[in-house]
Amino acid sequence: MIDHYLIQPDGVTTTSRDNANWIVLQDASDDETQQVIDTYELPANIFDNANEGVEVSELKKLKHTRFATSYSLVLTNLSAATDDSIEERLEPLSFVVADQFLITYVCQDSTFIERLLEQHATEITSNELLVSYAILEIYEHYVMELTALKTTIDELDQAARETTRNDELFRLANTQRTMVFLDQTLQDQAKTLEAMFNNDDYLQKLNNEALQYDIELQQRYADKLVRTYRDLLETIGGLFSDMMDNRLNHLMKYLDSAGLIISIPALITGIWGMNTGGLPGEDSPMTFMIVIGLSAVLAIVAGVHLKNKDFSE
């Protein structure tokens, strides 16, 4: 599907194909995509990875297109579909920006454009403002996700102090995996935004220092959160490992103590049963009970001693 919009001084409105200066390819068929590529003489592979969460963020000038000057901008948004895996939630957004025309390709089932227009339709009066508000919206999504992950991290921190159950370890692994994807995506995207905001021509056309500041603030905030939370997850992972090692040490101490206690009766009965000149007390029916009783008493004494001994000294 191809949606047609008109960007004008009072905001964005839907329009006909002939009047549009912004077209959006959303859930577009292969034929529709190829039609746009052919019409505007775009590179044949420009939208090849537009439905893959691993698409690389980039900003590059396009040559030999229908436009006098144009550039391609690829960013990665984070969808709100929290039930999906992190790979499915990362959705590339591709922009082809020209002086008086804009093409946007969004991945399948994305609601990004609808949400963007709900928030900023009346404020978008140029291509540069549209792209900038899209960037702001993207980073707000990352900050919201990272803020929500803090609750999970706090729960994992508490669980690491109380349990080493498999389900909590799996939860930790999934959270770490999510954080790796977010961290790598934000690092990749930061280089693109740096190049973009170092472009004097773009900043001159944007002409909105407040919006630029808001974007840079959200970007720094997201970068700080992802670094902090990734370090916290590494600490929690170490805590889980230390707790498991500690429990294993306690188990080994218990097994060693149990083995020592069991060996005492075996030692006594073994010595008593040595046949070197006749079995001591073999003529008395009480001898066996005396040996058993002595073994039990010594085993109990040894057990009490081991229980009360501080092995940390």
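The values are calculated or read from the model by the stated rules, or taken from the named source; none is laboratory data. All figures in this text were calculated on a predicted structure; none of them were measured in a lab. Cβ sites come from the backbone with ideal geometry, for glycine too, and all protein chains shown count toward neighbours.
Key figures
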quantity: Residue list for region 109-124, filter: of a type in the set (S, T, N, Q) and touching a Gly at 6+ places or on another chain (Cβ under 8 Å); calculated: THR122
quantity: Residues of region 178-194 that turn out to be loosely packed, with under 14 Cβ neighbours inside 10 Å and touching a residue at least 60 places away in the same chain (Cβ under 8 Å), as a count; calculated: 1
quantity: LEU130 in a helix (DSSP H, G or I), of a type in the set (A, V, I, L, M, F, W, C) and crowded, with 22+ Cβ neighbours inside 10 Å; calculated: yes
quantity: Residue among ALA80, ALA44 that alone is under 27 Å from the mean Cα position of the chain (by Cα) and assigned to a loop (DSSP other than H, G, I, E, B); calculated: ALA80
quantity: Considering residues of region 3-36 that are free of Cβ contacts under 8 Å to residues at least 60 places away in the same chain and buried (at least 18 other Cβ atoms within 10 Å of the Cβ) only, the residue farthest from PRO92 (Cα to Cα); calculated: ALA20
quantity: Region 70-113, residues that are of a type in the set (Val, Ile, Thr) and farther than 21 Å from ILE124 by Cα; calculated: THR82, ILE86
quantity: Scan of region 154-207 for residues that are farther than 16 Å from GLY238 by Cβ and in contact with a Gly (Cβ under 9 Å, 6 or more places away or on another chain), ordered by number; calculated: PHE181, THR185
quantity: Options SER257, SER241; residue that is part of a helix (DSSP H, G or I), assigned by TED's automatic domain parsing to the domain that holds ALA299 and among the polar types (S, T, N, Q); calculated: SER257
quantity: Pair list, Cβ < 8 Å and 6+ apart or interchain, from region 64-90 residues that are in the same structural domain as TYR40 (by TED's automatic domain parsing) and aromatic (Phe, Trp, Tyr) to residues that are assigned to a loop (DSSP other than H, G, I, E, B) and surrounded by fewer than 20 Cβ atoms within 10 Å (Cβ to Cβ); calculated: PHE67/TYR40; PHE67/ASP99; PHE67/PHE101
quantity: Test: residue in region 204-215 that is surrounded by 15 or more Cβ atoms within 10 Å (Cβ to Cβ) and either of a type in the set (Gly, Ala, Ser) or free of Cβ contacts under 8 Å to residues at least 60 places away in the same chain (or both); calculated: no
quantity: Which numbered condition ASP167 fails, given (1) surrounded by fewer than 16 Cβ atoms within 10 Å (Cβ to Cβ); (2) modelled with pLDDT of 90 or more; calculated: (2)
quantity: Residues located in region 90-149, provided they are of a type in the set (Ser, Thr, Tyr) and within 24 Å of the chain's Cα centre (by Cα); calculated: SER94, SER110, THR111, TYR139, TYR142, THR147
